[in-house]
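The values are calculated or read from the model by the stated rules, or taken from the named source; none is laboratory data. Keep in mind that this is a model prediction, so the values were computed, not measured. Every residue, glycine as well, gets a Cβ built from its backbone with ideal geometry; the counts of neighbours run over all protein chains shown. Surface accessibility is based on the protein's heavy atoms, side chains included, excluding ligands, DNA and RNA. Shrake-Rupley method; radii C 1.70, N 1.55, O 1.52, S 1.80 Å.
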Amino acid sequence: MLRLTSPKMALDGKIAVVTGAAVGIGEAIARTLLQNSATVVLLDVNDAAGKAVVEDVTKQYGEDKALFLRCNVESEEQIKAAFQKTVDTFGGIDILCNNAGILNESEWEKTVSVNLLGVVRGTYVALQHMNKLTGGRGGVVVNTASMAGLGPLVSCPVYTATKHGVVGFTRAMAAASAVSGYGVRCNAICPHFVQTDLITNIKSKLGQFSHLDDATNQMMENTGLLTVSEVAESVLELVMDETKNGDVLMILKQGKQYITFPSMQ
Ligand SMILES: NC(=O)c1ccc[n+]([C@@H]2O[C@H](COP(=O)([O-])OP(=O)(O)OC[C@H]3O[C@@H](n4cnc5c(N)ncnc54)[C@H](O)[C@@H]3O)[C@@H](O)[C@H]2O)c1
Ligand SMILES: CCCCC[C@H](O)CC\C=C/C=C/C=C/[C@@H](O)[C@@H](O)CCCC(=O)O
């Protein structure tokens, strides 16, 4: 295939928004998209860390390639403002990575609000800008689910529910978009355990299920930990491969695999 640009230029001119981008998987996603020439807007509630990432990547990729905006994905108002600022500043949105997420089985309603409702809010507001039927130029949404979106994590029933919801919402949105002609692809990643802040001090996050932390820790020991870069590379694959819509990519230490779901026909 004749490449008109180098692979690293593949996202030149594309505008990406990444939620939960200040640290962890989201930061790695943002950096990987920047490495591939996208312009990236980083959204997070951690101002200090988010601004530090932008300061660092600006040295590497130049001015006007990255912007941090404080945005709590629990707030539709803040999401609308951040996305409008993105469009006003850079001219549109081509890529959305709904990545922000927490694990807290005590504050389980907050976990639902961030992990599931935040993905719905982000997708619906982004569609107002990306949908070809309403003046957008199409694009792709990649949602960060989890292996806990494919099977139960015994110590985190609500977290598990949110991630199952992200997988189901992603697949349904992909189908709705394809049938409606929105021109927006929707995919999800399901990583196993990744070395980030989210998996530190697990016992303190399990609430009434804290007595089950041994089971989870044992699973973690058995499987090993993914790096954030390994996860970000999978997000890049789903962004770049325009054949991917409604796809769910499971990411394990020993490799990655697209999930096949039972046919509804
Ligand atoms: N670490 C893992 O083992 C693992 C595995 C699979 C999936 N995930 C998922 O990956 C995503 C990122 O998690 P991580 O491991 O990088 O965690 P992390 O705690 O290192 O980073 C999460 C980021 O999201 C931000 N955030 C939290 N609540 C927010 C909100 N309301 N609005 C905006 N930003 C918010 C945090 O400030 C932080 O910067 C989450 O959705 C998580 O469920 C994590
Ligand atoms: C308490 C830590 C929470 C980390 C949450 C992250 O999203 C990472 C989730 C990682 C692994 C989840 C594994 C879920 C496994 C279940 O699907 C189940 O199949 C496991 C049953 C035991 C087994 O079959 O090995």
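Of the set (1) open to solvent by 30 Å² or more (accessible area, probe 1.4 Å); (2) within 14 Å of the chain's Cα centre (by Cα), all apply to A176 but (2). Going by what's in this entry, would L238 be described as of a type in the set (A, V, I, L, M), touching an Asp or Glu at 6+ places or on another chain (Cβ under 7 Å) and more than 16 Å from ligand 2 (Cβ to nearest atom)? Against the criterion (of a type in the set (A, V, I, L, M), touching an Asp or Glu at 6+ places or on another chain (Cβ under 7 Å) and more than 16 Å from ligand 2 (Cβ to nearest atom)), L238 qualifies.
Taking each residue of the range 187-199 that is more than 6 Å from ligand 1 (Cβ to nearest atom) and open to solvent by 20 Å² or more (accessible area, probe 1.4 Å) and looking for partners that are of a type in the set (S, T, N, Q) and part of a helix (DSSP H, G or I) with beta-carbon atoms closer than 6 Å, six or more apart or interchain, yields H192/T223.
In the range 202-215, is there at least one residue being within 30 Å of Q35 (Cβ to Cβ), exposed (fewer than 14 other Cβ atoms within 10 Å of the Cβ) and either modelled with pLDDT of 95 or more or of a type in the set (G, A, S) (or both)? Scanning the range 202-215 turns up no residue that is within 30 Å of Q35 (Cβ to Cβ), exposed (fewer than 14 other Cβ atoms within 10 Å of the Cβ) and either modelled with pLDDT of 95 or more or of a type in the set (G, A, S) (or both). Taking the condition of being of a type in the set (D, E) and either open to solvent by less than 10 Å² (accessible area, probe 1.4 Å) or more than 15 Å from ligand 1 (Cβ to nearest atom) (or both), how many residues in the range 9-38 meet it? Residues in the range 9-38 being of a type in the set (D, E) and either open to solvent by less than 10 Å² (accessible area, probe 1.4 Å) or more than 15 Å from ligand 1 (Cβ to nearest atom) (or both): 1 in total. Could you tell me whether the range 226-233 includes any residue that is more than 17 Å from G101 (Cα to Cα), at pLDDT below 95, acidic (D, E) and open to solvent by 70 Å² or more (accessible area, probe 1.4 Å)? Within the range 226-233, none of the residues are more than 17 Å from G101 (Cα to Cα), at pLDDT below 95, acidic (D, E) and open to solvent by 70 Å² or more (accessible area, probe 1.4 Å). Where strands (runs of 3 or more DSSP E) fall wholly inside the range 47-159, no range has 1 or more residues that are open to solvent by 60 Å² or more (accessible area, probe 1.4 Å) and free of Cβ contacts under 8 Å to residues at least 12 places away in the same chain.
Rundown of residues vs (1) more than 7 Å from ligand 2 (Cβ to nearest atom); (2) more than 15 Å from T123 (Cα to Cα), yes/no style:
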| residue | (1), (2) |
| --- | --- |
| P152 | no, yes |
| A161 | yes, yes |
| A174 | yes, no |
| R185 | yes, no |
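Restricted to the range 216-265, and to residues there that are part of a helix (DSSP H, G or I) and more than 27 Å from L34 (Cβ to Cβ), the residue that is nearest to ligand 1 (Cβ to nearest atom) is M220. Looking at this structure, is Y182 within 14 Å of ligand 1 (Cβ to nearest atom), modelled with pLDDT of 95 or more and either buried (at least 19 other Cβ atoms within 10 Å of the Cβ) or not in a helix (DSSP H, G or I) (or both)? Taking the combined requirement at face value, the residue does not satisfy it. The condition of being of a type in the set (A, V, I, L, M, F, W, C) and either at pLDDT below 95 or out of contact with any Ser or Thr (no Cβ under 7 Å at 6 or more places or on another chain) (or both) holds for only one of V112, V45, V17, V41, that being V45.
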